[in-house]
Amino acid sequence: MSKIPPVLMHAASFATCAGEFMVERTPPHLYAGERALLGLVLPPFQRPAVWDVGRQRQFVESLFLGLNSTAIVVTDNEWHDDGRRLPKTSWIIDGQQRLTALAAFLSGELAIFDNVRFADLDAADRRRLDHAPLARIKVSYRTSEADLKTLYERLAFGGLAHSEDDRQRLQSS
């Protein structure tokens, strides 16, 4: 018998673009504790938005610069026969801060580069944002919230922030 636990994330990866997240679709039904973000759903256990304006700006600018971002991880969409969304579907497991930054830019709350807002973009720059790489990973539907919390914990708590010493090393080399 294997000592390795079963696979936690049965998923499919999609090479999508920022435009996939830019068409705001309000979820048809939110369950208790859920919040909507760009047509997806924040689960009750997700923390609030915590990125400051500087981090949000840097992320959106990175999209324009063609820099790759880690994938947005969401649960698959599943529906009742009557069209209502099943619980725990369309949940954002990883990527809330990035999508919040994108939403702030799209709504005009966030300016990038030299005070450029979304409304200031010409058609070419809107297409540039629309086609900016932003991958999505869809996790197969799970009825177990405990599994989804474990996945969230592994994705959200695994990184180690750079220190000020790390920044100094970068600038002095």
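The values are calculated or read from the model by the stated rules, or taken from the named source; none is laboratory data. Note that the coordinates shown come from a computational prediction; the quantities given were computed from them, not determined experimentally. Don't worry about glycine lacking a Cβ; one is built from the backbone with ideal geometry, like all the others, and counts go over all protein chains shown.
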Can you give me the number of residues within the stretch 87-97 that are assigned to a strand (DSSP E or B) and either more than 29 Å from residue 127 (Cβ to Cβ) or of a type in the set (Val, Ile, Thr) (or both)? 3
Take the stretch 54-86 and flag every residue that is part of a loop (DSSP other than H, G, I, E, B), small (Gly, Ala, Ser) and surrounded by fewer than 18 Cβ atoms within 10 Å (Cβ to Cβ). 66, 69, 83
Scanning the stretch 104-121 for residues that are part of a helix (DSSP H, G or I) and either among the aromatic types (Phe, Trp, Tyr) or buried (at least 19 other Cβ atoms within 10 Å of the Cβ) (or both) gives 104, 105, 106, 118
Residues (at pLDDT below 80 and hydroxyl-bearing (Ser, Thr, Tyr)) located in the stretch 4-45: 13, 26
Against the conditions (1) closer than 19 Å to residue 155 by Cβ; (2) part of a loop (DSSP other than H, G, I, E, B); (3) touching a strand residue (DSSP E or B) at 6+ places or on another chain (Cβ under 7 Å), where does residue 12 fall short? Just the number, please. (2)
Condition first: at pLDDT below 90 and in contact with a Pro (Cβ under 8 Å, 6 or more places away or on another chain). Can you find one or more residues in the stretch 46-66 that meet it? no
What is the number of the single condition among (1) in contact with a Pro (Cβ under 9 Å, 6 or more places away or on another chain); (2) in contact (Cβ under 8 Å) with a residue 24 or more places away in the chain; (3) small (Gly, Ala, Ser) that residue 36 does not meet? (2)
